[in-house]
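Notes follow the structure.
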Amino acid sequence: MDLLVRNATLPDGRTGIDVLAQGGRITAVGPGLNAPDGMPVLDAQGFLLSPPFVDAHFHMDATLSHGLPRVNASGTLLEGIALWGELKPLLTQEALVERALQYCDWAVAKGLLAVRSHVDVCDDRLLAVDALLHVKERVKPYLDLQLVAFPQDGVLRSKNAVDNLKRALDKGVEVVGGIPHFERTSEQGADSVKLLCEIAAERGLRVDMHCDETDDPLSRHIETLAYQTQRLGLHGRVAGSHLTSMHSMDNYYASKLIPLMAEAQIQAIANPLANIVLQGRHDTYPKRRGMMRVPELLAAGVNVAFGHDSVMDPWYMLGSGDMLEVAAMGLHVAQMTSQAQMKQCFDAVTVNPARMLGLEGYGLDAGCHADFVLLQARSPVEAIRLRSTRLAVVRRGQVIAQTPAATASLALPGRPASVDWTLRR
């Protein structure tokens, strides 16, 4: 549980910094720290030491199920939904647990140590709920797994979904989910937002709804979510995920909506990898990007995080649990290429989602948990550019994953013998 990291660069730009961890907590941060005799030392060699990556939006009950019972031939959202309906009756708790544990292994190797996962509650067996609650306990020593009760087929549209959702919360699921744009009518969608927010308020829980994941500019359930948040005093405890209809909304309406979200302290989760391929499918050209207005939301003071959403499941057949890949796609899709904006994209997979999940002791300050990732990069922007190698992943002061530095050998006359892609001046 004790470790000294020497000569690290921190995300805020400080260099030559040591980080001392004792008893699983950071006890000191600064240059030239002394460590007790025999304490393990990790030489950062000037590379970037970051708090761990955090995924604010994932579906662990479906992960790594690609090809079961068949492949999503079209790669579309609607076929993915249909395919999940075909797969659900075939699921077993053992298979769900095994795939989730395998993904958690991938996550740890990538420095991803906290995940908020939605879990479908429209199956009366609550098979996935029980499986992921089991996984949550199994991975607790090395990964924080927060679960959302997600009525994937619509809490009003799907028979027994309300009761199933409450049963899932009774079992220990921590967050109330929803999908208002998938209800049968917009009126039912609004009713579902009201119902679900009231359940969360009654139980003192957080809310995270799939909201307006559509190209329809008239899908405006986020407005209702902001209103119910205000009405029930849920400020700071509510997140809207996807919000892709914002990319199709006219600027006048957006100028009304975004301040309402900020006033209610609504938090927003974009899923750039999935939504850049799933949205805009009905467009020819010009083709919409299908992602929420990230720069505008950040400018209004809304806490915005990026999620991976899916890895090798019915909706997204790619991915490896790399949140730097998510940040890179978000940067490109949102055209966030100023120096400050690129750093914001790094924050969207670290400090912003940590705040959203309410993670205790997160960060690189004295008193925080000794959880961090050593990246083969000199800055957050370089980390995104390179999808940097995770040289070491530390949990509570213990190194739990390591990867050799990425290098390539060269055989070129008059040139160096190797190259590592980091920029040194």
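The values are calculated or read from the model by the stated rules, or taken from the named source; none is laboratory data. Every value quoted in this text rests on a predicted model; they were computed, and no experiment measured them. Every residue, glycine as well, gets a Cβ built from its backbone with ideal geometry; the counts of neighbours run over all protein chains shown. Surface areas here come from the heavy atoms of the whole protein model, side chains and all, with no ligands, DNA or RNA. Shrake-Rupley method; radii C 1.70, N 1.55, O 1.52, S 1.80 Å.
Scanning segment 284-309 for residues that are charged (D, E, K, R) and modelled with pLDDT of 95 or more yields R293, E296, D309. Within segment 182-227, if we keep just the residues that are closer than 30 Å to L133 by Cβ and touching a residue at least 60 places away in the same chain (Cβ under 8 Å), the residue that is surrounded by the most Cβ atoms within 10 Å (Cβ to Cβ) turns out to be D208. For segment 1-23, the set of residues classified as buried (at least 17 other Cβ atoms within 10 Å of the Cβ) and in a loop (DSSP other than H, G, I, E, B) consists of D2, L10, P11, listed by residue number. Whenever a residue of segment 350-379 is within 28 Å of V207 (Cα to Cα), its partners that are part of a loop (DSSP other than H, G, I, E, B) and among the hydrophobic types (A, V, I, L, M, F, W, C), lying with C-beta atoms within less than 9 angstrom and at least six residues away or across chains, give the pairs P353/L359; G361/C368; Y362/C368; L364/L10; H369/L359; F372/L364. Quick check: anything in segment 153-175 closer than 28 Å to A254 by Cα, in contact with a Leu (Cβ under 7 Å, 6 or more places away or on another chain) and not hydrophobic (A, V, I, L, M, F, W, C)? Among the residues of segment 153-175, not one is closer than 28 Å to A254 by Cα, in contact with a Leu (Cβ under 7 Å, 6 or more places away or on another chain) and not hydrophobic (A, V, I, L, M, F, W, C), which makes the answer no. Applying the criterion of being touching a strand residue (DSSP E or B) at 6+ places or on another chain (Cβ under 8 Å) and not in a loop (DSSP other than H, G, I, E, B) to the residues of segment 283-310, the residue that is most open to solvent (accessible area, probe 1.4 Å) is L298.
If I ask for residues that are in a strand (DSSP E or B), over 16 Å from V399 (Cβ atoms) and not hydrophobic (A, V, I, L, M, F, W, C), which ones from segment 29-44 would you list?
Within segment 29-44, the subset in a strand (DSSP E or B) is 29-30, 41-43.
If we keep only those that are over 16 Å from V399 (Cβ atoms) too, we end up with 29-30.
Passing the criteria: only G30.
Considering every residue within segment 112-121, establish whether at least one is within 23 Å of the chain's Cα centre (by Cα), of a type in the set (D, E) and part of a helix (DSSP H, G or I).
Here is the first cut: in segment 112-121, the residues within 23 Å of the chain's Cα centre (by Cα) are 112-121.
Next, only the ones that are of a type in the set (D, E) stay: 120.
Imposing the further condition that a residue be part of a helix (DSSP H, G or I) reduces the set to none.
For segment 112-121, residues within 23 Å of the chain's Cα centre (by Cα), of a type in the set (D, E) and part of a helix (DSSP H, G or I): absent.
Within 19 Å of V349 (Cα to Cα), open to solvent by less than 10 Å² (accessible area, probe 1.4 Å) and not β-branched (V, I, T): does that describe L273? Considered against the rule, which asks whether it is within 19 Å of V349 (Cα to Cα), open to solvent by less than 10 Å² (accessible area, probe 1.4 Å) and not β-branched (V, I, T), L273 comes out as yes.
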